[in-house]
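This report refers to the structure that appears directly beneath it.
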Amino acid sequence: MNQREHGGSLEVGIKNFMQSTGRDKILKILDEMEKPWIDESIKLRPEKVMDRPCPVCGSSKYRTAFVKDGFPHIICSQCSMMYVSPILKREPSEDWFRGSVELDSWVDVLLNENQRKFDEPKFLRGMKLLEEYSTLPGRRLLDIGCAVGNFLSIAREKGWKGVGLELTQKAVDYCESINLDVRQEILTPNTFQKGSFDVVTMWDVLEHILDPIEILKTIYNVLKPGGLLLLRVPNGDSLAARILQEKCLVFAGYTHVSLFSTKTLRKITESSGFKTIFLETVNPELNVINNYLQYQDPYLGDSIERGSLLNGLIEEDQLFARDLGYSIFTIVKRID
């Protein structure tokens, strides 16, 4: 097995992973949660949403892939970026992130010991790669959307001075209880002085951002010249996403509004002043696809075939070679 991140579902099977971490309960909560942005006919309420062009190239030409929970998931005709439009307006979106039953339950999942065990190798590998690629003498780090601070805790153990930004109150309270420097705010051009950090990280955050170019430019300014940005995002072009489509958990239009591929993620970061120095897809999630192809629930089915698809039709190394993993992991460098 190669050194890529494989995730807990490969280790114990997707059903056991979902149940042992409490993610199965999250699925039930999300399915039953109030959705104030849709009416009785599952149409978006115009006062709650706004249209937007492609977040990568700015084009307004597209084709619709599918609609989920009222949100059209569309593909840009110019650059092939998949994104959601219309999306929730900024104010209701930020209010949801600051606190809700759904997000409080997600905090419980992140604090679950099994989830933390599965997350630790991912964060340790990210830390190792940052230290390997960093050419700056400083060790000041900003983690945007730091959740319960699991990565910040690892960075602190490695001698980094970390600052976190997080909107969810329950997560902020926990971070404060373990003496992490976490602030309940979003990153704006006025949050920090220019050149404040050697490294910025965003673990599964950029897909939530309404204007990803805007935040990438802000990150560029808060990084020192030569500083590194680590990004991990769902892969909208993964094999699981392509096969499952609207049944895939990658797609959640009220919160996952930008679904990058390796091509579009590279394009948007490099157009924002960064140079890609490391990029790969991770997490095969072939057992999710196996469940679906066996007419079972993709995430709660009983498939025991994890590292290959349909008795060896596709092996995980073949999937990774084609950038078809469930998530994209990249490190980019600020260039001047």
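In percent, how large is the relative contact order of segment 159-199, given Cα pairs closer than 8 Å and 6 or more residues apart?
Details: 34 pairs, mean separation 16.1, N = 41.
Normalised by residue count, the contact order of segment 159-199 is 39 percent.
Calculate what fraction, in whole %, of the accessible area of the chain sits on carbon and sulfur atoms when a 1.4 Å probe is rolled over the protein chains.
Ligands and nucleic acids excluded, carbon and sulfur give 49 percent.
So what is the calculated 222 nm ellipticity per residue for the chain, using -39500 (n - 2.57) for each DSSP H run with n of 4 or more, over all residues, to the nearest 500 deg cm²/dmol?
The helix-only estimate for the chain comes to -10500 deg cm²/dmol at 222 nm.
I need the phi-derived Karplus couplings for segment 32-41: 6.51 cos²θ - 1.76 cosθ + 1.60, θ = phi - 60°, integer Hz, Gly and Pro marked x.
9, 5, 5, 10, x, 8, 10, 9, 5, 9
For labels at S41 and K161 in the simple 7 Å Cα→Cβ model, what's the distance in nm?
5.9 nm
Select from L142, L165, L27 the residue whose mean-square fluctuation is largest in a Gaussian network model of the chain (Cα-Cα springs shorter than 10 Å).
L27
When the chain is treated as a GNM, springs tying every alpha-carbon pair under 10 Å, which of P36, P189, P121 comes out with the largest mean-square fluctuation?
P36
Of the listed values [x] 1.24; [y] 0.91; [z] 0.96, grab the one calculated as Cα Rg over 2.2 N^0.38 Å from the structure here.
After the calculation, the listed value that fits is [z].
Can you send over the solvent-accessible area of S261, 1.4 Å probe, protein chains only, in Å² to the nearest 10?
Result for S261: roughly 20 Å² accessible.
So if each residue of separation counts as 0.36 nm, and I subtract the Cα-Cα distance between E113 and A321, what length gain in nm does that give?
Full extension of this stretch gives 71.7 nm more.
Could you tell me what percent of the DSSP beta bridges with both partners in the chain are antiparallel, to the nearest 5?
65 percent
Using 0.36 nm times the number of residues separating K61 and M33, minus their current alpha carbon distance, what extension gain do you get? Working shown, then result.
Values: separation 28, 0.36 × 28 = 10.08 nm, distance 3.26 nm.
Net length gain for the segment: 6.8 nm.
Once you charge only the Cβ atoms, +1 for Lys and Arg and -1 for Asp and Glu, what is the size of the charge dipole of the chain about its Cα centre, to the nearest 20 debye? Before the final figure, lay out each step's value.
On the way: 42 positive and 47 negative charges, 223 e Å.
I would put it at about 1080 debye.
Please get the size of the charge dipole for segment 91-240, origin at its Cα centre, with Cβ charges of +1 on Lys and Arg and -1 on Asp and Glu, quoted in debye to the nearest 20.
Working: 17 positive and 24 negative charges, 170 e Å.
So the dipole magnitude of segment 91-240 works out to roughly 820 debye.
Just to be sure I follow the definition: excluding the sites themselves, where is the longest run in the chain that has none of the GluC sites (Glu not before Pro) in a DSSP loop with at most 15 other Cβ atoms within 10 Å?
With GluC sites (Glu not before Pro) excluded where exposed in loops, the chain gives 186-336 as its longest stretch.
Got a sec? What order do I277, I74, I335, I42 fall in by accessible area at 1.4 Å, biggest, i.e. largest, first?
I42, I335, I277, I74
Between D211 and K89, take the C-beta separation as r, use R0 = 22 Å, and let me know the FRET efficiency to the nearest 0.05.
Calculated transfer efficiency: 0.95.
As a test of reading the structure, rank T188, T276 by solvent-accessible area (1.4 Å probe, protein chains only), most first.
The ranking, largest first, comes out as T188, T276.
Below 8 Å, C-alpha to C-alpha, sequence gap of six or more: please give me the relative contact order for the chain in percent.
18 percent
Step through the table entries K28/K263; K48/K267; K161/K267, compare each Cα-Cα distance with 32 Å, and write down the pairs that go over it.
Distance filter (> 32 Å) returns K28/K263.
Tell me which residues come under 5 Å, amide H to amide H, from H73 once H is placed; ignore anything under 5 positions away on its chain.
A65, F66, V67, K68
In nm, to one decimal, how far is the modelled label at K263 from the one at K25, with both set 7 Å along Cα→Cβ?
Roughly 4.2 nm, to one decimal.
Show me the trypsin sites (Lys or Arg not before Pro) within segment 104-179 that DSSP assigns to loop and that have at most 13 other Cβ atoms within 10 Å of their Cβ.
For trypsin sites (Lys or Arg not before Pro) across segment 104-179 that sit outside H, G, I, E and B with at most 13 neighbouring Cβ atoms in 10 Å, the list is empty.
Using a Gaussian network model of the chain with C-alpha springs under 10 Å, which one of I29, I289, I219 is most mobile by mean-square fluctuation?
Its mean-square fluctuation being the largest, the pick is I29.
Given contacts defined as C-alpha pairs under 8 Å and at least six residues apart, what's the relative contact order of segment 210-336, whole-number percent?
40 percent
Past 32 Å, Cα to Cα, is the threshold; run K68/K333; K68/K122; K43/K117; K122/K333 against it and keep the listed order.
Result: K68/K333; K43/K117 exceed 32 Å.
Rolling a 1.4 angstrom probe over the protein heavy atoms, how many square angstrom per residue are accessible across the chain?
Per residue, the chain has 45 Å² of solvent-accessible surface.
The values are calculated or read from the model by the stated rules, or taken from the named source; none is laboratory data. All values reported here derive from a predicted model rather than from experimental measurement. Please note: Cβ atoms are built from the backbone with ideal geometry, for glycine as well, and neighbour counts cover all protein chains shown. Protein only, heavy atoms only, side chains kept; ligands, DNA and RNA dropped before computing areas. Shrake-Rupley method; radii C 1.70, N 1.55, O 1.52, S 1.80 Å.
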